Amino acid sequence: MSNAQLARWYAPLWRQPWQGALLVAAILLAVAILQASHLVAANTSELGVWVAPVLMWGVCCGFINGLGFHPRTLVVRLLLCPWLAWPVILWGLWLTRSYYFS
């Protein structure tokens, strides 16, 4: 996969409504993780140790793509893929839903 192909694949999510929605979702998840970390911590929930780092990666991708940063290199574009960040952030919001709806 070349850089140009990847740019065409990302193009729908690099528009302002999707960027804003991704930023808001990332902020909501970051607040839930920071304020109620017991919901995703391995020793206080039934979730595994890998869940918190994956959710934090999703928050980072959400902030980076939501603020409009467009990586240039292929490796960084794959690492910060908004198509992968969306499901992770939505899953994280579902996991921390008790923080907002208790």
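The values are calculated or read from the model by the stated rules, or taken from the named source; none is laboratory data. These numbers come from a predicted model, not from an experiment. All Cβ positions, glycine included, derive from the backbone under ideal geometry; neighbour counts span all protein chains shown. Side chains included, ligands, DNA and RNA excluded: accessible areas come from the protein's heavy atoms. Shrake-Rupley method; radii C 1.70, N 1.55, O 1.52, S 1.80 Å.
Annotation note: Cβ proximity below 6 Å between a residue of the range 54-71 that is polar (S, T, N, Q) and a residue that is outside any loop (DSSP other than H, G, I, E, B) and crowded, with 20+ Cβ neighbours inside 10 Å (sequence gap 6+ or interchain) occurs for Asn65/Leu22; Asn65/Pro82.
Scanning the range 20-33 for residues that are open to solvent by less than 50 Å² (accessible area, probe 1.4 Å), within 15 Å of Ala85 (Cα to Cα) and in contact with a Leu (Cβ under 7 Å, 6 or more places away or on another chain) returns Leu23, Ala25, Leu29. Just one of the listed residues (Pro17, Pro71) is open to solvent by less than 80 Å² (accessible area, probe 1.4 Å) and more than 19 Å from Arg97 (Cα to Cα), and it is Pro71. Ala41 satisfies every condition listed in (1) loosely packed, with under 13 Cβ neighbours inside 10 Å; (2) not in a helix (DSSP H, G or I) except (1). For the range 1-14, the set of residues classified as part of a helix (DSSP H, G or I), open to solvent by 40 Å² or more (accessible area, probe 1.4 Å) and in contact (Cβ under 8 Å) with a residue 40 or more places away in the chain consists of Asn3, Trp9, Trp14, listed by residue number.
Count of the range 1-30 residues, restricted to those that are over 13 Å from the mean Cα position of the chain (by Cα) and within 15 Å of Trp94 (Cβ to Cβ), is 0.
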